[in-house]
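Since the structure comes first, as structure tokens, the remarks are kept for the end.
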Amino acid sequence: MREETLSVHGHEYFDEEYGVFIPPIYLSAIFEQKIPTRQSRRGTELKYSREENPTVYSFEKIIAKLEKGFDALAFNSGMSSISATLIALTKSGSKILVPYEMYGTTIQLIDLLQQKFDVKKISVYPDTKDIIEEIKRSGPDIVFIETITNPTLRIFDVPEIAKTCNDLGCSLIVDNTFATPILYNPIEHDARIVIHSVTKYIAGHNDIIGGVVVVKNQEDLNLLWDWRRILGGIMQPFEAYMAIRGVKTLKIRFEKTSNSAKAIAEFLKDHSAVKEVYYPGLDESPYKPVADKMFKQKIYGGVVSFEVRGGASSVDKILRKVKIIKPSPSLGGSESLLTYPIISASKYIPEEIRKRLGITDGLLRLSVGLEDTEDLIEDLSQALSTI
Ligand SMILES: Cc1ncc(COP(=O)(O)O)c(C=O)c1O
């Protein structure tokens, strides 16, 4: 089956008694327990919703299939997925390699693991060649990357990085939030684990927080299932229901916002108030060749970043002036959102590194929503005319 069909039917839910094929919300903390304990459809114990819940499981089935994984486990946030994965995979003395450009809270988590436990963070410039050289040089245990970086939208050659990791026996974790399974499936190219902030494209409506971890074998499923049970970060049934509903339209939403984003990037590129546009779908982007090599479709995602002339004071005017586009810190939902990275996702990246990466006080990140493309361009045009 292909993505759109999997998004709608991949949960495989069917209630024989009532003929129901839409997964309901199992708002139950507990399940009947006699001897032996009841088994879930996954084959784990089903007795308590901190461990396993049928609505959450229905959502997990869809994501496992979309990401071509063995199975998936949903969490109550993207960060909860990331922290459970890192805790599960890290041992005393582990070395974790991360690019400088990464979701700031992920970096902060690794910094705290380093401060509190015997874990070493190795930071590297966000470029495929630098990452591969650093893996060979320092022999990390874990390499953690995002397929498309946030906010300057660099794209790594994940198959090349995965090959190096596998040759040297380190685990590759890929945060695929920006690319989504519509563009790319890291597990197919040998990543060990894939993570999503479900809050973004997968749920897609800016109304729930969630996360998911995709694994490629039973061993990792058992490991993560146990850590989720112990840390207590499972997704709640209502959020799972909303995510099941949201993911049904993932592909059409992602195509629509990618096409709008491309048109907006072209518009921004020619605007006199704009110094630089970061969008991998532009012909002049240095990341277009790797995107064309890796991605399943010739679309490049719904996020466009751009630097305006005049720095923070111009940004301030634009954030006040946009009408349809909302100034807000997330991405991947129906509403277009304009984010100021230095006060949100990139806040925890040290200032001198931010400057090296182009995350300046004039940089804005636009997550293109489902509104009419021309309305969005007109909104940006009127906001930019004020600087
Ligand atoms: C790439 C990426 N990964 C992970 C996260 C964390 O997800 P959540 O906010 O759902 O905890 C975010 C949040 O912005 C993100 O952008």
Boolean, residue 185 is under 17 Å from the mean Cα position of the chain (by Cα) and away from the ligand (no atom under 16 Å from the Cβ): yes
Residue tally, condition at pLDDT below 95, within 20 Å of the chain's Cα centre (by Cα) and in a loop (DSSP other than H, G, I, E, B), over region 102-134: 2
Residues of region 1-15 satisfying the condition of being of a type in the set (D, E, K, R), at pLDDT 95 or above and under 21 Å from residue 52 (Cα atoms): 15
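Can you name every residue in region 205-222 that is among the hydrophobic types (A, V, I, L, M, F, W, C) and closer than 12 Å to residue 193 by Cα? It would help to see each step written out before you state the result.
Step one: filter region 205-222 for residues among the hydrophobic types (A, V, I, L, M, F, W, C), giving 208-209, 212-215, 221.
Once the filter is applied, which keeps residues that are among the hydrophobic types (A, V, I, L, M, F, W, C) and closer than 12 Å to residue 193 by Cα, region 205-222 yields 212, 213, 214, 215, 221.
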Matching helices (runs of 4 or more DSSP H) fully within region 284-387 where at least 3 residues are within 30 Å of residue 247 (Cβ to Cβ): 288-294, 373-384
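Based on what the data block shows, is residue 114 without any contact (Cβ under 8 Å) to a residue 24 or more places away in the chain and surrounded by fewer than 19 Cβ atoms within 10 Å (Cβ to Cβ)?
Yes.
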Residue 355 being more than 16 Å from the ligand (Cβ to nearest atom) and not hydroxyl-bearing (Ser, Thr, Tyr): yes
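Does residue 21 satisfy the condition of being in contact (Cβ under 8 Å) with a residue 24 or more places away in the chain and either assigned by TED's automatic domain parsing to the domain that holds residue 198 or of a type in the set (Val, Ile, Thr) (or both)? Give the steps one after another, and end with the answer.
Values: in contact (Cβ under 8 Å) with a residue 24 or more places away in the chain: no; either assigned by TED's automatic domain parsing to the domain that holds residue 198 or of a type in the set (Val, Ile, Thr) (or both): yes.
No.
How many residues does region 188-223 contain that are part of a strand (DSSP E or B) and either within 16 Å of the ligand (Cβ to nearest atom) or of a type in the set (Phe, Trp, Tyr) (or both)? Give the derivation first.
Of all residues in region 188-223, those part of a strand (DSSP E or B) come to 193-197, 211-215.
Subsequent filtering for residues that are either within 16 Å of the ligand (Cβ to nearest atom) or of a type in the set (Phe, Trp, Tyr) (or both) retains 193-197, 211-214.
Of the residues in region 188-223, 9 are part of a strand (DSSP E or B) and either within 16 Å of the ligand (Cβ to nearest atom) or of a type in the set (Phe, Trp, Tyr) (or both).
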Test set (1) closer than 28 Å to residue 125 by Cβ; (2) among the basic types (Lys, Arg); (3) buried (at least 17 other Cβ atoms within 10 Å of the Cβ) - residue 321 fails condition number: (1)
Members of region 307-332 found to be hydrophobic (A, V, I, L, M, F, W, C), in contact with a strand residue (DSSP E or B) (Cβ under 7 Å, 6 or more places away or on another chain) and away from the ligand (no atom under 16 Å from the Cβ), listed by number: 308, 315, 318, 319, 322, 325
Which numbered condition residue 287 misses (of (1) touching a strand residue (DSSP E or B) at 6+ places or on another chain (Cβ under 8 Å); (2) within 16 Å of the ligand (Cβ to nearest atom)): (2)
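This table checks each residue for (1) surrounded by 20 or more Cβ atoms within 10 Å (Cβ to Cβ); (2) closer than 17 Å to residue 235 by Cα; (3) within 23 Å of the chain's Cα centre (by Cα).
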position: 25; (1), (2), (3): no, yes, no
position: 29; (1), (2), (3): no, yes, no
position: 40; (1), (2), (3): no, yes, no
position: 46; (1), (2), (3): yes, yes, no
position: 56; (1), (2), (3): yes, yes, yes
position: 64; (1), (2), (3): yes, yes, yes
position: 68; (1), (2), (3): no, no, yes
position: 80; (1), (2), (3): yes, yes, yes
position: 90; (1), (2), (3): no, no, yes
Neighbours by Cβ (under 6 Å, 6+ apart or cross-chain): first from region 89-104, more than 18 Å from residue 161 (Cβ to Cβ); second hydroxyl-bearing (Ser, Thr, Tyr): 104/346; 104/348
All positions within region 243-261 that are surrounded by fewer than 21 Cβ atoms within 10 Å (Cβ to Cβ) and out of contact with any Ser or Thr (no Cβ under 8 Å at 6 or more places or on another chain): 245, 252, 255, 256
Search result, residues across region 71-88 that are in a helix (DSSP H, G or I), near the ligand (Cβ under 9 Å from one of its atoms) and among the hydroxyl-bearing types (Ser, Thr, Tyr): 80, 81
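Could you check region 161-182 and list, in sequence order, the residues that are within 14 Å of the ligand (Cβ to nearest atom), part of a loop (DSSP other than H, G, I, E, B) and among the hydrophobic types (A, V, I, L, M, F, W, C)? Step through it out loud before you land on a result.
Initial filter on region 161-182 (within 14 Å of the ligand (Cβ to nearest atom)): 173-180.
Imposing the further condition that a residue be part of a loop (DSSP other than H, G, I, E, B) reduces the set to 176-179.
Across region 161-182, the qualifying residues are 178, 179.
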Count - residues of region 224-249 that are under 20 Å from the mean Cα position of the chain (by Cα), outside any loop (DSSP other than H, G, I, E, B) and within 16 Å of the ligand (Cβ to nearest atom): 8
So residue 277, is it under 18 Å from residue 372 (Cα atoms), touching a helix residue (DSSP H, G or I) at 6+ places or on another chain (Cβ under 6 Å), modelled with pLDDT of 95 or more and not assigned by TED's automatic domain parsing to the domain that holds residue 201: no
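The values are calculated or read from the model by the stated rules, or taken from the named source; none is laboratory data. This is a predicted model, so every value here is computed, not measured. Ideal geometry is used to build each Cβ from the backbone, glycine not excepted, and the neighbour counts take in all protein chains shown.
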